[in-house]
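Since every read-out is calculated from the coordinates, none of them should be taken as a lab result. Remember, predicted model here, so these are calculated numbers, not experimental data. Cβ coordinates were reconstructed from backbone atoms using ideal geometry, including for glycine residues, and neighbour counts include every protein chain displayed.
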Amino acid sequence: MERELYNLCLSFRQGMQNEQGCCWRYLTGCAGRMYCTSIVPRNADGQRQSIGCLDPGHPTAMSNPCLPVEILDHIVDLLHDTRDALRNCCLVSQSWIPRTRKHLFADIKFYTVKNLQSWKKTFPDPSTSPACYTKTLFISCPQVVTAADAEGGGWIRTFSRVVRLEVYNCHWTLAPFHGFSPVIKSLRLSRVTIPPSQIINLVLSLPLLEDLAVVALDILIDNEDVPDGLPTVVHPSSLPAFTGSLVLHLKGGMNPITRRLLSLPSGLHFRKLNLTWTHKKDVLLTTVLVERCCSTLESLKINPEPFGTVVWHLHLR
């Protein structure tokens, strides 16, 4: 990583030199310290003036850097997959914290109640938590999260920039997740047992949704005469785009979800279909889905579960 930073600085060296003899001072690390990135003038003898290294709390930290903010941000971005280095960057300068948080909290997973309690203890005030930096949110204890949302007065909505949402063990209402992040493009629901209309209600609350995956290990009850919490309300002006992939693996057949998707007035534009057949009606539903997506479909993957383990995978374009 040090070599990458050095090369980055060299690429700007030509443009940064001027008639006063200014030169480029590159960022490096030494014994746990971080050297300041700056433009260093030469002294009267033509020698470069030295700059000290920055320990946490050093008064010459990067509060007023000579480099453009974009360059400093790029330096932090180079460390996006090195969490220890990102934590150390938070100690270099307070102005570096927002950029490091962007990477540190981009992917948040709540596997257990303990994970959720740890988050709430660390960030007791939702308005100042780093939830706004989260892009992928994974929840394996939705009942607990839903209860915490009720206690916190809309705690889930602090994750307002989530692009990908994955919810496992869906045995509880998903109402608190409706439209909590207006930029969600990917939704995956696994091990669901809630009524199909609640699933569609959630889907319709995400106007930019492109990818949808629903996996149900139990047969979903699809009785229109039985109230299931929330009515399905269609708003044509804000229907999801459905331009990505559709994954369906539903015990008892795809009908409960598929027929609701097919009834949407905006149509379907999926590029990829990944379907598992568990009922004889799934063959006909697959045919209808392919016809509806014929102008955009690029890939069709079928797992005919009752007929063996053979997977049919066709590339159509």
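Points to keep in mind about this one:
- Burial order of peptide ranges 122-135, 248-261, 267-280 (average beta-carbon count within 10 Å, highest first): 248-261, 267-280, 122-135
- Contour excess over end-to-end distance, with Cα ends at Gln143 and Lys281 and 0.36 nm allotted per residue: 46.4 nm
- Ellipsoid equivalent to the range 104-253 - semi-axes via the Cα gyration tensor, in Å: 25, 17, 15
- The label-point distance for Arg101 and Ser295, in a model that sets each label 7 Å from Cα toward Cβ, rounds to 4.4 nm.
- Residues Ser190, Ser263, arranged from fewest to most other Cβ atoms within 10 angstrom of their Cβ, appear as Ser263, Ser190.
- Cβ-based exposure ranking for Ile156, Ile97, in which fewest neighbours within 10 Å come first: Ile97, Ile156
- Too-long pairs where the Cα-Cα distance tops 24 Å, listed order kept, from Lys114/Lys135; Lys135/Lys251; Lys251/Lys281; Lys114/Lys185; Lys251/Lys301; Lys185/Lys301: Lys135/Lys251; Lys114/Lys185
- Given their separation in residues at 0.36 nm each and the Cα-Cα distance between them, Lys120 and Arg259 gain 46.0 nm when the chain is fully extended.
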